[in-house]
Amino acid sequence: MKNYEPVRGTQDYLPKQMQQRQFIANTIEEVYSQNGFLKIKTPIIEDLDLMLGSDGGDNIKLMFKILKRGDKLDLSKPNQSIKDVSDLALRYDLTVPLARFYANNQNFLPMPFKAFQLDEAFRADRPQKGRLRQFTQCDIDILGDKTINAEIELLVCAGQALTSLGFKDFVFKINNRKILNQIIIQNGFNKNQCEHICVILDKYDKIGFEGVQSEMILNNFDPSCTNSLIQTIIDIKENGIQALTKYVEENEHLNNLKTIINTVNELSNNLYSVCFDISIIRGQGYYTDCVFEVYLDGYNGACGGGGRYDNMIGKITKQDCPAVGFSLGFERLFGIISENDVCLFNRKKVALIYTPNDNFVDVKRYADSLKKDYDVSILPKSNNLGHQLQVLKENCFSSFVIFGNNEITELY
């Protein structure tokens, strides 16, 4: 028996689901555009060397690599490396392609450059709820602004997008990688170990502090330093930003962190909030300063995240360019809306039902007359009209009309 299921980690989407997905995308795009962000598009395929050198943390391990083509591919040679057989990769996020895009097109772009992308990315991840191998990301980025105004603008814009989708009382959690690195070093580790430790600490929400401690010891980090670091982070997590002053003197990074939190909270109109959380790490190594994630009420896990990545573009162009971005988790937003069976419309859909005895020219003209107020689908009448109407209802049709009767009847 043939299997017609999509490849594991990918999905088919029914018309109602596409209606929901399109509504989410249109709403987010409208908010991004209203805030002055310019839409761009990049290819789904990027150079493998670029992706491998992107400091993408564990995402590098999840990258789909593309075999060389034609005569360039020779699988007969022994002991070949990945680069021997592969030269391209599917993008695992939209941030690295944005950096390459900017390096290639910076002479044609305004500064600071405020970009947004709604597009697909790919990771060879273990499929689970809210996590697919092919998924859509909704990114906003500001390139060329080194001030914390960029962080504030991104968080407020993302907050507006979520409230426009009907979400409320959500929380942005924010941390600062430079402050975290300082705490790591104060607990006896050296600077070169910070990135690896951050990758492990980022797993806290999945394995807890005991799991983090065990993994650090398995990676041959000093047990006494590890224990000291974990106890410090537990103290800060339990007691909030005030506890930081026990470990970090007042400095620019701490003041910036407090200013971002206070300013965004002031601009939120009490629709959402921002708070400090030392356990927000973000696993990617390219983050350099503030990092943040958003959590929706009643949903387990982050529904978006981002941070500042000031060094990525400079690695490509050899010229420093500050950058900060935020990505909404489109698939998780869609999952919440889909699970609540929300049927979203920009315009109402009406089904115009006709019989073989009707003149199709007249049917089509009547359909055209309805298009000012409705999206109209012309459909032949089924032998089981009740079942036909139920299926239409399940596919986001709001009403139907029988040609000749011309009385529009609501389906729900």
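The values are calculated or read from the model by the stated rules, or taken from the named source; none is laboratory data. Small disclaimer: the values here were computed from a predicted structure and weren't measured. A quick note on method: Cβ atoms are made from the backbone with ideal geometry, for glycine too, and the neighbour counts reach across all protein chains shown.
A count restricted to the range 229-270 and to residues that are under 26 Å from the mean Cα position of the chain (by Cα) and farther than 19 Å from Cys198 by Cα stands at 14.
Residues that are over 17 Å from Arg100 (Cα atoms) and assigned to a loop (DSSP other than H, G, I, E, B) within the range 18-52 comprise Asn35, Gly36, Phe37, listed in sequence order.
Which residues, taken from the range 374-412, are of a type in the set (S, T, N, Q) and over 21 Å from Leu14 (Cβ atoms)?
Asn383, Asn405, Asn406, Thr409
Within the range 166-181, does at least one residue satisfy the condition of being aliphatic (A, V, I, L, M), surrounded by fewer than 21 Cβ atoms within 10 Å (Cβ to Cβ) and in contact (Cβ under 8 Å) with a residue 60 or more places away in the chain? There is at least one residue in the range 166-181 that is aliphatic (A, V, I, L, M), surrounded by fewer than 21 Cβ atoms within 10 Å (Cβ to Cβ) and in contact (Cβ under 8 Å) with a residue 60 or more places away in the chain.
Within the range 125-155, track down each residue that is among the β-branched types (Val, Ile, Thr) and either assigned to a loop (DSSP other than H, G, I, E, B) or under 12 Å from the mean Cα position of the chain (by Cα) (or both).
Correct list: Thr136, Ile140, Thr147, Ile148.
Would you confirm whether or not the range 140-152 contains a residue that is outside the structural domain of Ser273 (by TED's automatic domain parsing), out of contact with any Ser or Thr (no Cβ under 8 Å at 6 or more places or on another chain), closer than 21 Å to Asn300 by Cα and of a type in the set (A, V, I, L, M)? Within the range 140-152 (the criterion being outside the structural domain of Ser273 (by TED's automatic domain parsing), out of contact with any Ser or Thr (no Cβ under 8 Å at 6 or more places or on another chain), closer than 21 Å to Asn300 by Cα and of a type in the set (A, V, I, L, M)), the answer is no, since none of the residues qualifies. Within the range 313-339, restricting attention to residues that are assigned to a helix (DSSP H, G or I) and of a type in the set (Lys, Arg), the residue that is modelled with the lowest pLDDT is Lys315. Among the residues of the range 217-256, those identified as among the charged types (D, E, K, R) and surrounded by fewer than 13 Cβ atoms within 10 Å (Cβ to Cβ) are Glu238, Lys246, Glu249, Glu250, Glu252.
Within the range 301-315, which residues are within 16 Å of the chain's Cα centre (by Cα) and either hydrophobic (A, V, I, L, M, F, W, C) or under 16 Å from Asp202 (Cα atoms) (or both)? Of everything in the range 301-315, those that are within 16 Å of the chain's Cα centre (by Cα) and either hydrophobic (A, V, I, L, M, F, W, C) or under 16 Å from Asp202 (Cα atoms) (or both) turn out to be Gly301, Ala302, Cys303, Gly304, Gly305, Gly306, Gly307. Among residues that are surrounded by 13 or more Cβ atoms within 10 Å (Cβ to Cβ), in the same structural domain as Lys178 (by TED's automatic domain parsing), over 29 Å from the mean Cα position of the chain (by Cα) and among the hydroxyl-bearing types (Ser, Thr, Tyr), Ser214 is included. Filtered by the rule that a residue be part of a strand (DSSP E or B), hydrophobic (A, V, I, L, M, F, W, C) and farther than 18 Å from Leu165 by Cα, the range 250-308 gives Val274, Cys275, Phe276, Cys290, Val291, Phe292. Restricting Lys364, Lys372, Lys393 to those that are outside any strand (DSSP E or B), farther than 26 Å from Asn26 by Cα and of a type in the set (Lys, Arg) reduces the list to Lys364. When Phe116, Phe101 are checked against the criterion of being assigned to a strand (DSSP E or B) and not β-branched (Val, Ile, Thr), a single residue qualifies: Phe116.
Residues in the range 303-315 that are surrounded by fewer than 19 Cβ atoms within 10 Å (Cβ to Cβ) and in contact with a Gly (Cβ under 9 Å, 6 or more places away or on another chain): Lys315 only. Of the numbered criteria (1) on the phi < 0 side of the Ramachandran plot; (2) in contact with a Phe, Trp or Tyr (Cβ under 7 Å, 6 or more places away or on another chain); (3) crowded, with 20+ Cβ neighbours inside 10 Å, the one Asp289 fails is (2).
Criterion applied to Phe172, Phe122 was being in the same structural domain as Leu244 (by TED's automatic domain parsing), under 16 Å from the mean Cα position of the chain (by Cα), modelled with pLDDT of 90 or more and not basic (Lys, Arg), and the one residue passing it is Phe172. Within the range 53-83, the set of residues being surrounded by 12 or more Cβ atoms within 10 Å (Cβ to Cβ) and in a loop (DSSP other than H, G, I, E, B) comprises Gly53, Ser54, Asp55, Gly56, Leu62, Met63, Phe64, Lys68, Leu73, Gln80. Among the conditions (1) in a strand (DSSP E or B); (2) within 13 Å of the chain's Cα centre (by Cα), the only one that Ala158 does not satisfy is (1).
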